[in-house]
């Protein structure tokens, strides 16, 4: 079994919405062969809680406006470290970058086929690593400045 056309439509729209809000490392998997509860997972991350919320809000708004889809469940809002949007056909995971590394959902679903995403979403691959390096360099510079 493969993801339905409706699932692919939802994934593409959600991925574009996430990319528009500067999400990092957007990826989607067709999990329809291994799970009976949904067709696809979309994973995205952000470097801070505020951006996680912004990405989630944009995905929810875009899917409602463009496709008339509302999530049947939304979890993780309070801490905004890992927010899950369940649309039945797809499940969207937007995680804080630290949670993304710790839980490594990609390892769990690596045997599932990766779904094609819009170019803007593909361009986000590796952004979390770039952001982490930049942040480490800034912190090192700040520490270096304090010791002088």
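The values are calculated or read from the model by the stated rules, or taken from the named source; none is laboratory data. This structure is a prediction, so every number in the text was calculated from the model and none was measured. We place every Cβ from the backbone using ideal geometry, glycine too, and count neighbours over all the protein chains shown.
Annotation note: of 6, 74, 50, 78, the sole residue that is farther than 21 Å from residue 119 by Cβ, in contact with a strand residue (DSSP E or B) (Cβ under 7 Å, 6 or more places away or on another chain) and surrounded by fewer than 20 Cβ atoms within 10 Å (Cβ to Cβ) is 74.
Filtering the stretch 35-71 to residues that are farther than 12 Å from residue 92 by Cβ, assigned to a loop (DSSP other than H, G, I, E, B) and at pLDDT 95 or above leaves 39, 68, 70. With the structure loaded, tell me whether residue 71 is within 12 Å of the chain's Cα centre (by Cα) and at negative phi or whether it fails that test. The answer is no for residue 71. Residue pairs whose Cβ atoms lie under 7 Å apart, sitting 6 or more positions apart in sequence or on different chains, and linking a residue in the stretch 54-65 that is more than 13 Å from residue 42 (Cα to Cα) to a partner that is in a helix (DSSP H, G or I), are 58/17; 58/20; 62/13; 62/17; 63/10; 63/13; 63/14.
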